[in-house]
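K.L.:
The structure under discussion is supplied below as structure tokens; questions concerning it will follow.
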Amino acid sequence: MFLPGFTHPGSAALFGPVWPDLVTALGQLRDAGATVIVDAGRLGEGLPAPLVAEADAVLIVTRTSLRALAGMRLHLPHVQQRVDSLASGTQLGLLLVGQGEPYGAKEIARQFQTRVWATVANQARAARVWSDGVAEGRGFAHGPLVRSVRAAAVAIEQHVTRPELALQTHLAADESSVR
């Protein structure tokens, strides 16, 4: 199932009276064994309080360019404050697009003092299959984007369901990248 996000960050406020009912419905899906991921869109005042309050995790998705990280620098404190004030036990993390283009996960985690949960490949042409409905090209299903999204899904689920295991895996990955 897919519920599209808003095209304008301010639109989430108009949806305010419905958020509690949507949160209840998403909770029922989760209780039935579904993994629920909500794309809250671009950062701004539109991060819905009821969703944050019930979330297991809030992930900020960012590219690793200087421009993208500079923008995240402006919004990260606001998101952190919102998570801290509304939720108990909700974890905040980063999902990187284009790890090492030019900055790496370890460097970004240290700079922003926020753990990087996963990375996905920066494959704009392949991403158009999902974002624009473009037909899958040859090799799409086994390409770098799909492989990295699958790996990110596993990493995110580990962080949510077994945070101690995710931390061990994360530390092991950091150690192997240093060698």
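The values are calculated or read from the model by the stated rules, or taken from the named source; none is laboratory data. Here the structure is a predicted model, which means the values were calculated and not measured. Glycine gets a Cβ as well: all are built from the backbone with ideal geometry, and neighbour counts include every protein chain shown. The area values use the complete protein model at the heavy-atom level, side chains included, leaving out ligands, DNA and RNA. Shrake-Rupley method; radii C 1.70, N 1.55, O 1.52, S 1.80 Å.
Rundown of residues vs (1) closer than 26 Å to residue 53 by Cβ; (2) small (Gly, Ala, Ser), yes/no style:
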residue: 89; (1), (2): yes, yes
residue: 118; (1), (2): yes, yes
residue: 121; (1), (2): no, yes
residue: 124; (1), (2): no, yes
residue: 129; (1), (2): no, no
residue: 138; (1), (2): no, no
residue: 143; (1), (2): no, yes
residue: 147; (1), (2): no, no
residue: 158; (1), (2): yes, no
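K.L.:
Is it the case that residue 13 is in contact with a helix residue (DSSP H, G or I) (Cβ under 9 Å, 6 or more places away or on another chain) and at pLDDT below 85?
P.N.:
Judged against the criteria, residue 13 is not a match.
K.L.:
Can you tell me which of (1) touching a residue at least 60 places away in the same chain (Cβ under 8 Å); (2) out of contact with any Gly (no Cβ under 8 Å at 6 or more places or on another chain) is the one residue 57 doesn't meet?
P.N.:
The one condition residue 57 does not meet is (2).
K.L.:
Looking at segment 137-152 only, could you name the residues that are surrounded by 13 or more Cβ atoms within 10 Å (Cβ to Cβ) and either more than 19 Å from the chain's Cα centre (by Cα) or at pLDDT below 90 (or both)?
P.N.:
Answer for segment 137-152, where residues must be surrounded by 13 or more Cβ atoms within 10 Å (Cβ to Cβ) and either more than 19 Å from the chain's Cα centre (by Cα) or at pLDDT below 90 (or both): 140, 143.
K.L.:
Considering only residues that are touching a residue at least 24 places away in the same chain (Cβ under 8 Å) and open to solvent by 40 Å² or more (accessible area, probe 1.4 Å), look in segment 15-28 and name the one that is farthest from residue 47 (Cα to Cα).
P.N.:
20
K.L.:
Could you identify the single residue in 127, 135, 152 that is out of contact with any Phe, Trp or Tyr (no Cβ under 6 Å at 6 or more places or on another chain), outside any helix (DSSP H, G or I) and free of Cβ contacts under 8 Å to residues at least 60 places away in the same chain?
P.N.:
Just a single option satisfies the conditions, and that option is 135.
K.L.:
Same structure, new question: Can you tell me which residue within segment 70-86, out of those that are free of Cβ contacts under 8 Å to residues at least 40 places away in the same chain and either open to solvent by less than 20 Å² (accessible area, probe 1.4 Å) or of a type in the set (S, T, N, Q) (or both), is farthest from residue 49 (Cα to Cα)?
P.N.:
76
K.L.:
Consider residue 120 carefully, then state whether it is free of Cβ contacts under 8 Å to residues at least 24 places away in the same chain, hydrophobic (A, V, I, L, M, F, W, C) and closer than 20 Å to residue 58 by Cα.
P.N.:
So residue 120 does not fit the description; no.
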